[in-house]
Every structure is written in structure tokens, then in C-alpha cells.
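> Input: one structure, supplied below.
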Amino acid sequence: MAQDNYWNQRYVNKETGWDIGYPSTPIKEYIDQLTDKTIDILVPGGGNSYEAEYIYKQGFSNVVVIDIASIPLQNIQSRVPDFPAKQLINADFFDHKGSYDLIIEQTFFCALDPALRKNWLIQMHQLLKTNGKVVGLMFDKTFSTEGPPHGGSEAEYRQLFKDTFDIETMTTAYNSIPSRAGTELFVKLSKKN
């Protein structure tokens, strides 16, 4: 894991500008609409994953967080001692094997080098069950500094996803945190089989 030291050091140095300290409102509101608590959910590149904590506390017991950095996973275990340790996986997302109904996208896609976006697409598709979905947020902006985060545009994402996913929703999030207002797309992608 070449990247694990980089990301762990970001946590040690408190260089975690993506971490808002609570579940992102668009994702929280999406989770609040779900009724089947038995679905298998993955939060890749989850970091401190307040989203996974929220999902788990809402009664979804099959939620897995994977992160290349160990520190945020330890943080989750400290905050939520009853979160099953086997569902906090310290590994590379691209090596992960599993089968999920729902994958939550929250600051993972933008953390990856854009050269890895095709790999992200392939891995997401492989990890999803039939009719599985990727739901979350993606930046609809470019950044003036070299990333991460790495931005993008709605047109770019539509082109990237069109052959692999049905784009159910891709629209400017109306309920982003103030500092990201107008720069996030809420996306819901359904696996093409």
C-alpha cells in the first residue's frame, strides 16, 4: 500500500479538509428514505466515515468501510465501539472483493488521481449486485491547485458512466454544506447488467 502512509500522515497532521465531522446532508437524507435495513452497503475510501456511523446507527447492520489508511478506521472503532471490527477493512479499494446493493460515494472519487477513474468505474461495477447502485456526491468544479481533491464536470461524468451505469440522478445538490454549495452533484447510478 504505497498510498497508506500518505493518507495516514494527512490524519496525523490534521490535513483533513474533506472531513466535515458529521454525515453529509445529501447522503443522510438519501439513507433516511431507505426501508430495507438488510441491504449490503459499502463506503469506499470512507475516512472517518460519519456516513457509515449514521447508517449503522439507523439499523443497517451490513455496512462495510474500506480505507487504505488505518487511522480513520481506528477513529470509527473508537467513536462506535459496537461497529463490527470485521466490517472496517484496512485495504486498497481496488483489491477488494465483495457484493453490495449500495455503494456510498463521499469524497473518495475526488481523492483518486483522475487516471484511476476508469479503474474506479470497473471496480464499482464488479462490486455491485444486480440492480445495485452508487449514490453520493461528486464535485462539479475544477480546483486551482493540484489535487487531491480532483474535480470534474457533469458532462465529463456522464460520458464516463454512460456505458456502465444508468444515470438515475445527476443534479446539483440542493442541500450541500455551505462551503460546497453549488459545487456538488448528487448522483445515483444504477448498474447496467
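The values are calculated or read from the model by the stated rules, or taken from the named source; none is laboratory data. These numbers come from a predicted model, not from an experiment. Note that we place each Cβ from the backbone using ideal geometry, even for glycine, and neighbour counts take in every protein chain shown.
> When you look at residue 133, is it closer than 14 Å to residue 191 by Cα, within 16 Å of the chain's Cα centre (by Cα) and not small (Gly, Ala, Ser), yes or no?
Criteria met by residue 133.
> Return the residues of the range 165-188 that are crowded, with 17+ Cβ neighbours inside 10 Å, among the aliphatic types (A, V, I, L, M) and in contact (Cβ under 8 Å) with a residue 60 or more places away in the chain; say none if nothing qualifies.
If the condition is that a residue be crowded, with 17+ Cβ neighbours inside 10 Å, among the aliphatic types (A, V, I, L, M) and in contact (Cβ under 8 Å) with a residue 60 or more places away in the chain, then 173, 187 are the ones that fit.
> Of all residues in the range 126-146, which are outside any strand (DSSP E or B) and either in contact with a helix residue (DSSP H, G or I) (Cβ under 7 Å, 6 or more places away or on another chain) or buried (at least 18 other Cβ atoms within 10 Å of the Cβ) (or both)?
127, 140
> So, in the range 147-177, of the ones that are part of a loop (DSSP other than H, G, I, E, B) and of a type in the set (Val, Ile, Thr), which residue ends up modelled with the highest pLDDT?
164
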